[in-house]
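Working notes, beginning with the structure itself.
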Amino acid sequence: MTQETETIIIGGGLIGAFTAYFLAREGHPVTVLEKGFVGAQSSGANFGNLRLQGRDPYQYPLSLRAQAIWETFEETTGESFEYDRTGHLYIARNEPELAKLEHHAEIARGQGLNIEMLATKALKKRFPYLAEDTLAATFCGRDATANPRLATPAVMRVAQRFGARIIEHCETLSTLHTGSRFEVETTKGSFVSSSLVNAAGAWGGAIAARFGELVPVFSAGPPQFVTEPFPHVIQPSMQMVNGSVIFRQIPRGNVIVAGYPRTASEADGNHTFVPPGKTLAGMEALGAVVPLLRDAHVIRVWSGVEGYLPDMRPIIGPSRKQNGLFHAFACCGHGFQIAPGIGAVLSELIRTGHSDTPIEAYDIERFRNQVPDNEKFIREFDIRTAGPAAG
Amino acid sequence: MSAAVALAEAGVRPTVIDENSLAGGQGFRQTNADIELDTRAIYGHEYNKHQNLHSRFRGCLDKIDYRPSTLVWAIHGGKAHTLNAEGFSEIAFDGLILAPGATDRLMPLPGWTLPGVFSLGAAQVALKDQGCFIGRRIVFAGSSPLLLLAALQYHKLGARQLCVLDTTPLRQKLRAAPGLLQSSRTFVQGLSYLWSLKKRGVPVHSGVKLQGIEGQGRVAAIRYADAWGRKHRIACDAVALGYGLRAETQLPELAGAEFQFDHGLRQWLPKIDTSGRAGDCLYIAGDGAATGGADAAIASGMLAATGLLGDLGMSQIGKDRRDLQRQVCKLRRFQHHLAKAFRWPHETAQTLPDHTIVCRCENVTAGDIRAAAKQALGPIELNRMKAITRCGMGRCQGRFCSAALAEITAAACGKPIDAVGRLRAQAPVKPVPLSTSETTAR
């Protein structure tokens, strides 16, 4: 039996969840098709940072809109995903890094954010556990964290209460547009709709390719690990501006750590294994920043399957080949924070054809021409595997 | 040890990486040389076998690169990643034989996290390694032939206030007897444990239902209902729990082994052929492949070694190998009958009170797991259940709670046990210290 709806979302990650939530909240019929469990891929395996500092300058309107949603979602819905306004510390250990901090801070202040610049003495007073040679850091109190393992199921449940249909273990076999509507064949039957959202994360390139839009998306994940729990002393999440390590301590006491460079996923596209050498490098980097943690034990290592593009920008917005198709995938490792904003914008585009939040920089059209590699992309990957995704 | 001896004798110099400081694993554990312990009493009629294997291993030590007190914390890209007192290191290999062994399978019960409660294996380690009893008044509880063996070992070394509580009813044991007779030697040996305990005046109660362990800050008593439903309370200061063995599967998984559900032993085990082959130049021997006991450990170690030599083009399949295969197969089949005589009481998971702690590392209760499963879009698979509830996410990485987690999840979701999946293994296999990473050259 063919099931009809207004909008089909392919991909039950956090973007799919927020898009479904914003559509369903307005009474718009929406169905989410998820090939596995909701929030089980990069939406659930990421670091959980809701950082406003140091973002792509163009992204601030979207990012700030997203942060406002994160800040009130639990209160307005009664669901919990351990949102915690921890603040975030960006750390420099030498002059060039400090210059970078100042540059990021200036951009963020231009967006109305309160960024504190802390020199060695102030740092030592506020964060006495940081290494002696820490030069300076910027702190933004509006930066926050949330538990990625809980976030997507929580948002999906709210969307469901507003009437969204969430179908797990429903793999998309084919998607086509027949002139008047989208027809999606899945392992759980046929679905038709007037709009289609491609929120398939690292698998989004394959969906776009079915509509003739080829993008050089590829899958990778950062090495992540977690220590055993010990007394809660590190309040903000912390990041070396040189990209070597980012970490946060949760109230339970464990320190969660992500390091770089990232690793390309396995050929099956479904797993990213962390080479042990990268875990050791991350451990060493962490011990250098917070010597106190040298006594800690690492209990678990993991990564995820995230979609990346060589310019380190996601693809968000309408398809340039098919009316009614909208893309939101390959967030290049920074999709968690902006996901609510993407959901809100897509919901507006689908319902009204317009959104005030600018997203043009993320247009899929940019891949018609050669896109220059981002400096961050070159630094944070050790294996270059980019190439157009095959359908 | 058995595989290393076979490889050494064939002229290959194997590297043996052992987490323990003394060779022998669990079944052939060497007693601490600094303490005067009656090893002969501990090992009983297994003593000669024990001595023989150790002397063969010692005799080959000059042909083995032996690395004791060394943990393999990850296997990746054809290398074993190790940690010992000198730091992190890696060892490239052409062939890999894994003998990770097993630990006790545990069914939680209220109070099982109190100090004074040990796994059965830990109770044996305390005895062999440190010459200690885990308490003065000790209850061995659960469902395992090793309960009888451990109680006997304790009694022989002087412990007196002992009791065995076995959750499998006597009639089920009788029903399993014909199958057990297929390996009459092992069966008789088991009966002899029981007989010795009776003779020594150690009470053995079968068909009990364990209800809880009591105590303020440490174990004071265990409560149970006997086969007729009468309730009892035994004052004690230590409890050793065991419900048969649970294969250590992390290293095989990291090395690329595939898994299948063994309905007889009711657990996921690596897929192996009759030689223990789990992949390209990858072999798994001993209880880590499937419970088989001491004799199967020796035979499967030799099999793995000859299999690997064959893969490397260094030996031919001979008659010996087929004999060994038959032997291992028979011993492992025996364990399936034994698993009926000493049943894993999986249905207990359904009736555990909600407040029972299942994951002792992360303090997750049976009620937490059931509540997560009941939610809309709630987890119906173990890795998802772990992600939502933290059960299995702590220091032991699910090694001690995953069997119960699987049973509770399956019961809460109304699914068969093999449909809720298994926890994925992730490095490190055991916790590794941050500090050591700095001292290691990479």
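The values are calculated or read from the model by the stated rules, or taken from the named source; none is laboratory data. Bear in mind the structure is a predicted one, so any value in this text is a computation, not a measurement. For neighbour counting, all protein chains shown are included, and Cβ atoms are generated from backbone atoms with ideal geometry for every residue, glycine included. Ligands, DNA and RNA are stripped out before the accessible areas are found, and what is left, the full protein with its side chains, is counted by its heavy atoms. Shrake-Rupley method; radii C 1.70, N 1.55, O 1.52, S 1.80 Å.
Brief remarks on what is shown
- Accessible-area rank, largest first, for B:E347, A:E97: B:E347, A:E97, with all protein chains present and a 1.4 angstrom probe.
- Residues in the stretch A:320-328 carry Karplus couplings, in order, of 9, 10, 9, 4, x, 9, 10, 9, 7 Hz; the curve used is 6.51 cos²θ - 1.76 cosθ + 1.60 with θ = phi - 60°, and Gly or Pro positions show x.
- Site pair B:K374 and B:N32 shows an inter-label distance of 4.8 nm when each label is modelled 7 Å from Cα along Cα→Cβ.
- Calculated FRET efficiency for the pair A:Y58/B:K415, C-beta based, R₀ 45 Å, to 0.05: 0.45
- Simple label model, 7 Å out from Cα along Cβ direction - A:N270 to A:K376, nm: 3.1
- Amide N proximity, the stretch A:247-263 versus A:A131 label position 7 Å along Cα-to-Cβ, cut-off under 20 Å: A:247-249, A:255-262
- The stretch B:91-196, accessible surface, carbon-and-sulfur percent (1.4 angstrom probe): 59
- Sequence-separation-based contact order of the stretch B:333-435, relative, with Cα cut under 8 Å and 6+ spacing, percent: 26
- Loop-located GluC sites (Glu not before Pro) in the stretch B:1-73 (DSSP state other than H, G, I, E, B) with a sparse environment of at most 14 neighbouring Cβ atoms within 10 Å: B:E36.
- Lys/Arg +1, Asp/Glu -1 at C-beta; the stretch A:1-154 dipole; positive extreme among A:S43, A:L23, A:T145: A:T145
- For a paramagnetic label modelled on A:K188 (point 7 Å from Cα along Cα→Cβ), amide N atoms under 19 Å away belong, within the stretch B:360-387, to B:373-385.
- Its relative contact order, with pairs defined as Cα atoms under 8 Å and 6+ residues apart, puts chain B at 18 percent.
- Here A:K188 is the anchor, and the lysines within straight C-alpha reach of less than 29 Å, apart from those fewer than 8 places off in the same chain, are A:K35, A:K321, B:K374, B:K386, B:K415.
- With 19 Å as the limit, the listed pairs B:K173/B:K198; B:K173/B:K209; A:K100/A:K376; B:K49/B:K128; B:K128/B:K199 have B:K128/B:K199 beyond it between alpha carbons.
- Surface calculation, 1.4 Å probe, protein heavy atoms: B:C60 sits at approximately 10 Å² accessible.
- Bridge type composition, chain B - antiparallel percent by DSSP, nearest 5: 60
- Of the residues B:R40, B:R137, B:R343, ranked by 1.4 Å probe accessible area with the largest first, the sequence reads B:R40, B:R137, B:R343.
- Inter-probe distance in nm under a simple model that places probes 7 Å from Cα toward Cβ, at B:L174 and B:T39: 4.2
- Only Lys, Arg, Asp and Glu carry charge here, each on its Cβ (+1 for the first two, -1 for the last two); on that basis the stretch B:175-249 has a dipole of about 240 debye about its Cα centre.
- Geometric extent, Cα atoms of the protein assembly as shown - Rg, Dmax (angstrom): 29.3, 88
- Taking the stretch B:160-255 and dividing mean pair separation by its residue count, relative contact order in percent (alpha carbons under 8 Å, at least six apart): 23
- Close amide H partners of A:E4, meaning residues 5 or more places away or on another chain with modelled amide H under 5 Å apart, are A:V192.
- Extension gain for A:E365 to A:L292 (0.36 nm times residue separation, less C-alpha to C-alpha distance): 21.4 nm.
- Solvent accessible area, Å² - B:H232, 1.4 Å probe, full protein context: 70
- For the stretch B:252-276, backbone nitrogen atoms closer than 15 Å to the point 7 Å from B:K340 Cα along Cα-to-C-beta are found at B:263-266.
- Applying both filters, DSSP loop and at most 13 other Cβ atoms within 10 Å, to the trypsin sites (Lys or Arg not before Pro) of the stretch A:310-377 gives A:K321.
- Here chain B is treated with +1 on each Lys and Arg Cβ and -1 on each Asp and Glu Cβ, and its dipole about the Cα centre works out to around 1640 debye.
- Shielding by other protein chains, A:292-299, mean Cβ within 10 Å: 5
- Between the beta carbons of A:M117 and B:T351, assuming R0 = 41 Å, the FRET efficiency works out to 0.10 to the nearest 0.05.
- Solvent-accessible area buried by pairing A with B, both sides, nearest 100 square angstrom, 1.4 angstrom probe: 3200
- Averaged over the residues of B:423-434, the number of partner chain Cβ atoms lying within 10 Å of the residue Cβ comes to 6.
- The listed residues B:F342, A:F329 rank as B:F342, A:F329 when sorted by accessible area, largest first, using a 1.4 Å probe.
- Residue-span extension gain [B:S21 to B:K319] - 0.36 nm each, minus C-alpha spacing: 103.7 nm
- Relative to the 2.2 N^0.38 Å rule of thumb, the stretch B:207-355 has a C-alpha radius of gyration ratio of 1.37.
- The mean of 1/r over all distinct Cα pairs in the stretch A:88-236, once inverted, gives the Kirkwood hydrodynamic radius of 20.5 Å.
- The residues of the stretch A:256-329 expose on average 30 square angstrom of accessible surface per residue, using a 1.4 Å probe on protein heavy atoms.
- Size of charge dipole - the protein assembly as shown - debye, nearest 20, with Cβ of Lys, Arg +1 and Asp, Glu -1, no other charges: 3240
- Of all DSSP beta bridges confined to the protein assembly as shown, the antiparallel ones make up roughly 65%.
- A probe of 1.4 angstrom, applied to the heavy atoms of all protein chains, finds B:D418 with accessible area near 60 square angstrom.
- Dipole of the stretch B:1-48, positive end: most advanced residue of B:P14, B:Q30, B:Y43 [Cβ charges, Cα centre]: B:P14
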